[in-house]
Amino acid sequence: MNLFRHFEREVAATLADLVAEGRLPEAVRGRRIAVEPPREAAHGDVATNAALVIAKDAGQNPRALAEMIAERLRARPDVAGVEIAGPGFVNLRLTDDFWRARLREILLAGRAYGDSFVGGGEPVMVEFVSANPTGPMHVGHGRGAVVGDVLARLLAKAGYKVTREYWINDAGAQVEALARSLYWRYQEVLGEPLGAMPEGLYPGEYLIAPAQALAARDGNIWQGAPESEWLEPCRAFAVAAMLDLIRADLAGLGIAFDTFRSERELVAGGGVEEALRVLAERGLVYTGVLEPPKGKPPPEDWEPRPQTLFRSTQFGDDVDRPLRKSDGSWTYFATDIAYHLDKYRRGFGVMIDVWGADHGGYVKRVQAATKALTGGQGALDVKLCQMVNLMDGGEPVKMSKRAGTFIGLAEVVERVGKDVFRFIMLTRKNDAPLEFDFARVQEQTKDNPVFYVQYAHARVRSVLRLAAAALGPAALAPAGEARDSSMPALLAPAGEARDSSMPALLAPDALARADFSLLTDSGEIALIRRMASWPRLIESAAAAHEPHRVAYFLYDLAAEFHNLWNRGRDDARLRFIRSDSPDATLARLALVQAVGLVVASGLDVFGVTPVEEMR
């Protein structure tokens, strides 16, 4: 459970009781109050602004109201203490028994702990990567791919119905350049003496294999033919080949899309005309001449001539935006307008686009168009991903020969593994630059977050294996209770392969029956507190569209667990396995098992496989 939502209901029930008793007016019922962690941990576990929110309706002093609320909350069995702070905040300190009950909750939920219904099944479209299909993916694409995929996973865990979509930019000058590049390689494959590749074509070696496949399919029928004959067949063949490359690169990262949408098909189907008709009916399209920007260079789409313009300034943009180029073709913005109307009409009121940082100046206009097209009913959030700087031992990594101008994503993933790459991409917020150092991301130190978190899970599994091997079922039985050593092994969480060497008593559901009153150390309670904040973290990170928060949470949880383990090395009374106290051992193994489940739950959101042991 999200404990803060739980206490939000408790506070709301308290206000309802006071209304029923006539101590508060009816107007305060149903007011939106907040129940959150206090700004400083020393102030307690839970804080509410209820007294401040209802003060005006109640016509009373906030601190007096806070005392009235505190009086009722002190009687709750889960509340150890209540304090009034500042102008009227109510801070609650919860009992250790409340936290111990959360441990049982974690064990019974398993890796599903933190799953939420807050999304209510609302459809959400996450469109990400959407790289021009002109070559293999580079590391920058990889960051956007991970951000988009993990955001989709996070939203799904929070109860949203998520669709992952790839927008194929298969129209325009870049794709025509790709077609010409393929044709050049095609002629090369057929033995045509060509010399140096012309400027403006894609030089990477990745087009050699598609050119060979084209020659195998069509022979030499395009050799020497005019461009008007081979351009379209080469374009279609090249785009299909590049999408195969992109799918393979994404598969190496464990990423698959639910849908692919073609720009070319949308335009051919009249999507742009339909979108502009909608805008024109609302008086948002006109012919005019844009003034040149003052004090800065003009944008690429600025021209000193009459143009078809969208009134994007009515929706928060800096200037109105052109819809047609000087040659009469649609601007890229016009096709994006059509695409976002298409998304909305497919039932996605919430749209999230993950773009590269170089599209930062493009955000306002697309959000303006989305607001205009949907009458304010559609919401578009754009997540910009900053560049990834590739290093190796502190030195910049040289460019790739195969890709031509950049290090391919597949090359990086092959070297470090998909799990390391995925995790590291989330260790910074998406709009902050990220340094990816091949040497450092593979170090086994606390400074390497992916190692530190995975080590926590591996340590959990090691402790449980040690408990099974060293003590055995009989030794682990609580005093006065016999254990059946023939019971099936149930160490692994439900639905996973079982380790036949593990006794049934170490299964999460069995450990949920341990005597948690024996967990009395402040470090043990603090560790449970940390784990109990996981459901709220899921809901808040999903609401903010910020998956990097999961990485921070996992690192902090791992740190607390490692700290408790280290304390046990110095103080035998705090060790997880105590042969002199089976009951205390079971309680601590329950705590350890819970840590493993929450870490695994977080790694599931990341699409990362938890490791059983470190090598």
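Looking at Ile352, Ile407, can you tell me which residue is aliphatic (A, V, I, L, M) and farther than 23 Å from Thr134 by Cα? Before you say what the answer is, go through the steps one by one.
Numbers: Ile407 fails: farther than 23 Å from Thr134 by Cα.
So the residue among Ile352, Ile407 that is aliphatic (A, V, I, L, M) and farther than 23 Å from Thr134 by Cα is Ile352.
How many residues are under 26 Å from Val124 (Cβ atoms) and open to solvent by less than 40 Å² (accessible area, probe 1.4 Å) when one looks only at the range 233-253?
In the first step, residues of the range 233-253 are kept if they are under 26 Å from Val124 (Cβ atoms); the result is 243, 246-247, 249-253.
Cutting the leftovers down to open to solvent by less than 40 Å² (accessible area, probe 1.4 Å) gives us 243, 246, 249-250, 252-253.
Adding up the residues that qualify gives 6.
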Among the helices (runs of 4 or more DSSP H) confined wholly to the range 258-368, which include 3 or more residues that are in contact (Cβ under 8 Å) with a residue 60 or more places away in the chain and touching a Gly at 6+ places or on another chain (Cβ under 8 Å)?
-> 332-345
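Do we find a residue being open to solvent by less than 10 Å² (accessible area, probe 1.4 Å), of a type outside the set (Phe, Trp, Tyr) and out of contact with any helix residue (DSSP H, G or I) (no Cβ under 8 Å at 6 or more places or on another chain) anywhere in the range 194-209?
Initial filter on the range 194-209 (open to solvent by less than 10 Å² (accessible area, probe 1.4 Å)): 204, 207.
Applying the additional criterion that residues be of a type outside the set (Phe, Trp, Tyr) yields 204, 207.
Pick out the ones that are also out of contact with any helix residue (DSSP H, G or I) (no Cβ under 8 Å at 6 or more places or on another chain) and you get 204.
Within the range 194-209, one or more residues are open to solvent by less than 10 Å² (accessible area, probe 1.4 Å), of a type outside the set (Phe, Trp, Tyr) and out of contact with any helix residue (DSSP H, G or I) (no Cβ under 8 Å at 6 or more places or on another chain).
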Note: among Val388, Val416, Val420, just one is of a type outside the set (Phe, Trp, Tyr), within 25 Å of the chain's Cα centre (by Cα) and farther than 25 Å from Val599 by Cα, namely Val388
Please list, ordered by first then second residue, the pairs with beta carbon atoms under 7 Å, 6 or more apart or interchain, first in the range 136-156 and in contact (Cβ under 8 Å) with a residue 60 or more places away in the chain, second acidic (Asp, Glu).
-> Pro136/Asp249; Met137/Asp249
Out of the range 372-388, which residues are in contact (Cβ under 8 Å) with a residue 12 or more places away in the chain, surrounded by fewer than 19 Cβ atoms within 10 Å (Cβ to Cβ) and either more than 30 Å from Asp437 (Cβ to Cβ) or of a type in the set (Phe, Trp, Tyr) (or both)?
-> Gln377, Ala379, Asp381
Out of (1) open to solvent by less than 10 Å² (accessible area, probe 1.4 Å); (2) within 27 Å of Ser517 (Cβ to Cβ); (3) among the small types (Gly, Ala, Ser), the odd one out for Ala112 is which?
-> (1)
Checked the range 9-32 for anything among the acidic types (Asp, Glu) and over 15 Å from Ala66 (Cα atoms); matches are Glu21, Glu26
Search the range 115-130 for residues being closer than 14 Å to Leu250 by Cα and open to solvent by 10 Å² or more (accessible area, probe 1.4 Å), and hand back the single one that is nearest to the chain's Cα centre (by Cα).
-> Val129
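Going residue by residue through the range 389-402, is there one that turns out to be in contact with a Gly (Cβ under 6 Å, 6 or more places away or on another chain) and either touching a residue at least 60 places away in the same chain (Cβ under 8 Å) or open to solvent by less than 20 Å² (accessible area, probe 1.4 Å) (or both)?
Yes, some residue in the range 389-402 is in contact with a Gly (Cβ under 6 Å, 6 or more places away or on another chain) and either touching a residue at least 60 places away in the same chain (Cβ under 8 Å) or open to solvent by less than 20 Å² (accessible area, probe 1.4 Å) (or both).
Residues to consider are Glu26, Glu105; find the one that is in contact with a helix residue (DSSP H, G or I) (Cβ under 9 Å, 6 or more places away or on another chain) and farther than 30 Å from Val162 by Cα.
On the way: Glu105 fails: farther than 30 Å from Val162 by Cα.
Unique residue meeting the criteria: Glu26.
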Failed condition for Tyr339, given (1) open to solvent by 10 Å² or more (accessible area, probe 1.4 Å); (2) modelled with pLDDT of 95 or more; (3) touching a Phe, Trp or Tyr at 6+ places or on another chain (Cβ under 7 Å), with all others met?
-> (1)
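Give, as residue ranges, the strands (runs of 3 or more DSSP E) completely inside the range 30-107 that count at least 3 residues that are open to solvent by 20 Å² or more (accessible area, probe 1.4 Å).
Numbers: elements: 46-48, 79-85, 89-94.
Passing ranges, in order: 79-85.
In this structure, does Ala109 turn out to be over 25 Å from the mean Cα position of the chain (by Cα) and more than 30 Å from Val413 (Cα to Cα)?
No, not satisfied.
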Which of (1) in a helix (DSSP H, G or I); (2) charged (D, E, K, R); (3) over 14 Å from Ala532 (Cα atoms) does Arg5 not meet, given it meets every other one?
-> (3)
Going through the range 203-219 in order, the residues found to be in contact (Cβ under 8 Å) with a residue 24 or more places away in the chain and either within 11 Å of Tyr183 (Cα to Cα) or in contact with a Phe, Trp or Tyr (Cβ under 6 Å, 6 or more places away or on another chain) (or both) are Leu207, Pro210, Ala211, Leu214, Ala215
Cβ-Cβ under 6 Å pairs, at least 6 apart or on other chains, the range 427-455 side over 12 Å from Ala551 (Cα atoms) and open to solvent by 20 Å² or more (accessible area, probe 1.4 Å), far side assigned to a helix (DSSP H, G or I) and not small (Gly, Ala, Ser) = Gln444/Phe451; Lys446/Tyr452
When (1) modelled with pLDDT of 95 or more; (2) in contact with a Gly (Cβ under 9 Å, 6 or more places away or on another chain); (3) under 29 Å from Gly328 (Cβ atoms) are applied to Arg164, the one that fails is (3)
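Helices (runs of 4 or more DSSP H) wholly in the range 398-487 with at least 1 residues that are at pLDDT 95 or above - which ones?
Numbers: elements: 409-416, 418-425, 449-470, 472-476.
Per the criteria, 409-416, 418-425, 449-470.
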Got a sec? Which helices (runs of 4 or more DSSP H) wholly within the range 512-615 have at least 1 residues that are open to solvent by 20 Å² or more (accessible area, probe 1.4 Å) and of a type in the set (A, V, I, L, M)?
-> 522-532, 534-544, 548-570
Tally the residues that are surrounded by fewer than 16 Cβ atoms within 10 Å (Cβ to Cβ) and touching a Leu at 6+ places or on another chain (Cβ under 9 Å), restricting the search to the range 456-474.
-> 0
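Test Gly393 against the criterion of being closer than 30 Å to Tyr555 by Cα and in contact with a strand residue (DSSP E or B) (Cβ under 8 Å, 6 or more places away or on another chain), and give yes or no. Don't jump to the end; show me each part of the working.
Values: closer than 30 Å to Tyr555 by Cα: yes; in contact with a strand residue (DSSP E or B) (Cβ under 8 Å, 6 or more places away or on another chain): yes.
So Gly393 passes the test.
Counting only residues that are of a type in the set (A, V, I, L, M) and either part of a helix (DSSP H, G or I) or open to solvent by less than 50 Å² (accessible area, probe 1.4 Å) (or both), which one in the range 171-193 is nearest to Gly271 (Cα to Cα)?
Applying the filter and picking the extreme gives Ala171.
The values are calculated or read from the model by the stated rules, or taken from the named source; none is laboratory data. Note that the structure is predicted; figures quoted are calculated from it, not measured. Note that each Cβ is placed from the backbone with ideal geometry, even for glycine, and that neighbours are counted across all protein chains shown. Accessible surface areas use protein heavy atoms only, side chains included; no ligands, DNA or RNA. Shrake-Rupley method; radii C 1.70, N 1.55, O 1.52, S 1.80 Å.
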